[in-house]
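Here you go, one structure.
The values are calculated or read from the model by the stated rules, or taken from the named source; none is laboratory data. None of the values given here were measured: they were computed from a predicted structure. Cβ placement follows ideal geometry from the backbone for every residue including glycine, while neighbour counts extend to all protein chains displayed. Surface areas here come from the heavy atoms of the whole protein model, side chains and all, with no ligands, DNA or RNA. Shrake-Rupley method; radii C 1.70, N 1.55, O 1.52, S 1.80 Å.
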Amino acid sequence: MECETGMVCKIILVNWKRAADTCACLASLERLANEDWYAVVCDNGSPDDSVDRLRAFLSERYSERVRSVAATDGSRIFDYYSVCRGELSAIRVTFVAAVANLGFAGGNNLAYRHARSDVDTDFVWFLNNDTEVAPDSLLRLVERVTQDPMVGICGSTLVYAHDRRTVQAQGGAVYVPMTGAVREIGNGTLWPRVVDRESVEREMRYVSGASMLVTRSFLDRVGLMSEDYFLYYEEIDWAERGRRCGFRLGYAPESVVYHKEGAVLGSGTSARRSALAEYYALRNRLVVTRKFFRWALPTVYLFSLLQVVRRVAQGQWSRAWMMLSVLIGLRRSAPG
C-alpha cells in the first residue's frame, strides 16, 4: 500500500494447508482502495499441494521470477512482478516455501526476513491467511498509527466471514493474568455500529493476530514475535514486550477484516477444540505467565486444574491426562 509517506506497506501472510483461503485473501488485497501494496506469502511447510496451488494462482496474475540468491534456511523463494505495458513493473508478491512448519510466529518471522529489502516501509501488516479485507481496511489502520507515534501495534474490527453482521473482536482482547483467560472485546455484537475507540484501547491487552499493523519503530526496538510458543499467546508476548518499551496498542474501528476464525486447528470453543489446540493453549498460558506474570502462577495452575476436572466430568479421559501431564511437566511435546 502506498502510504501517505510515499512508502509501500508490506503485508505478511502465512499459509498452512489452506491455499484456497490464501488465494481469496490475496484477491481481496487487490481491491484495496487506491493504493499499492507488497505482500510476502509464506507456505509453512504444508504437507499437501499448497505450494503448487499458490504458485499457479500467483503466476496467473503476475510474472514469476526465481530469486537468484538461495536461502540458507532451505526455503525456496519466488518473486512476482506486476506487468505494465508489457514490461515488469513493481514487485507485488514474494512467495516463500518453508521446509517445515515453523508455527505462527516462525512462519511470520521467516516471511518478514525474506521480504525484499529494497521495498521501503514504515508499516508491516501481519494478516491471517483465512481473512478477506475491506477495501479501506489498511488505509484506516495507517491513519490510526500515524495519529500517535507511540502506537506500536494496531488492530482491526474482526467480523465473522460466515456472518458479516457479527463481530469476532474489536481490535483484540482482554487478558487476565490471574487465570490466563482471554476475552475478545466486542465478541458477538452487531456490526456495523458506532464504537468508542478510546474505550476499546484502554481495555485491550493485546491485538488479535488475525490483523496486526506494526510500525517499523516497534519492530526496530522490540523485535519480531517470539518463537517460544508455536501457536497462541504470541500476541500477548509481543504486546507485553512492547509495553515495557513504552509502546501502546491501537484500534482502527473502520478497518474491517472478515475472518474465517479457527478453521485450521479447531480453535473455537473449548468443547470443540482439537487436542493440538488445547495443548498449546495450556502450555503457552504457563509459558507467558512464567515470563511476564510469575506472581500469578499459583492461580493460573488452579484455573488450569479446574479445566482438567471439567474434561474428566465430560468423560474426555485422554484429554484430561494430556492436560494434567503438561501441568506437572511430564509432557513437553504436542500430540501427533
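Taking the conditions exactly as written (over 30 Å from P298 (Cβ atoms) and either modelled with pLDDT of 95 or more or among the polar types (S, T, N, Q) (or both)), does T179 satisfy them or not?
Taking the combined requirement at face value, the residue does not satisfy it.
Working only within the range 183-217, note down all residues that are crowded, with 23+ Cβ neighbours inside 10 Å and among the aromatic types (F, W, Y).
Once the filter is applied, which keeps residues that are crowded, with 23+ Cβ neighbours inside 10 Å and among the aromatic types (F, W, Y), the range 183-217 yields only Y206.
Across the range 105-116, which residue is most open to solvent (accessible area, probe 1.4 Å) among those that are modelled with pLDDT under 95 and farther than 16 Å from T215 by Cα?
If we take residues in the range 105-116 being modelled with pLDDT under 95 and farther than 16 Å from T215 by Cα, then R116 is most open to solvent (accessible area, probe 1.4 Å).
Residue check: is V256 open to solvent by less than 10 Å² (accessible area, probe 1.4 Å) and either farther than 19 Å from L127 by Cβ or in contact (Cβ under 8 Å) with a residue 12 or more places away in the chain (or both)?
It is false that V256 is open to solvent by less than 10 Å² (accessible area, probe 1.4 Å) and either farther than 19 Å from L127 by Cβ or in contact (Cβ under 8 Å) with a residue 12 or more places away in the chain (or both).
Then there's this: Can you go through A161, A169 and tell me which one is surrounded by fewer than 23 Cβ atoms within 10 Å (Cβ to Cβ) and either modelled with pLDDT of 95 or more or within 24 Å of V222 (Cβ to Cβ) (or both)?
Of the residues listed, the single one that is surrounded by fewer than 23 Cβ atoms within 10 Å (Cβ to Cβ) and either modelled with pLDDT of 95 or more or within 24 Å of V222 (Cβ to Cβ) (or both) is A161.
Condition check ((1) crowded, with 23+ Cβ neighbours inside 10 Å; (2) among the aliphatic types (A, V, I, L, M)) across all residues:
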{"site": "L127", "(1), (2)": "yes, yes"}
{"site": "D130", "(1), (2)": "yes, no"}
{"site": "A134", "(1), (2)": "no, yes"}
{"site": "L139", "(1), (2)": "no, yes"}
{"site": "E143", "(1), (2)": "no, no"}
{"site": "I153", "(1), (2)": "yes, yes"}
{"site": "S156", "(1), (2)": "yes, no"}
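Taking the range 229-253 as the search range and keeping residues that are over 15 Å from the mean Cα position of the chain (by Cα) and part of a loop (DSSP other than H, G, I, E, B), which one is nearest to G171 (Cα to Cα)?
F247
Give me the pairs: first residue in the range 40-60 and open to solvent by 50 Å² or more (accessible area, probe 1.4 Å), second residue in a helix (DSSP H, G or I), beta-carbon distance under 6 Å, and six or more apart or on different chains, which are they?
So the pair list comes out as R53/A19.
Tell me, please, whether a residue that is at pLDDT 95 or above and closer than 20 Å to N108 by Cα can be found in the range 65-74.
Within the range 65-74 (the criterion being at pLDDT 95 or above and closer than 20 Å to N108 by Cα), the answer is no, since none of the residues qualifies.
Return the total of residues in the range 293-329 being open to solvent by less than 30 Å² (accessible area, probe 1.4 Å) and touching a residue at least 40 places away in the same chain (Cβ under 8 Å).
8
Can V99 be described as assigned to a helix (DSSP H, G or I) and either open to solvent by 60 Å² or more (accessible area, probe 1.4 Å) or touching a residue at least 60 places away in the same chain (Cβ under 8 Å) (or both)?
no
If you don't mind, there's one more thing I want to ask. I need a count of the residues in the range 218-238 that are open to solvent by less than 10 Å² (accessible area, probe 1.4 Å) and farther than 21 Å from L102 by Cα. Reasoning before the result, please.
Residues of the range 218-238 open to solvent by less than 10 Å² (accessible area, probe 1.4 Å): 218, 225, 229, 234, 236-238.
Next cut, farther than 21 Å from L102 by Cα only: 218.
The total comes to 1.
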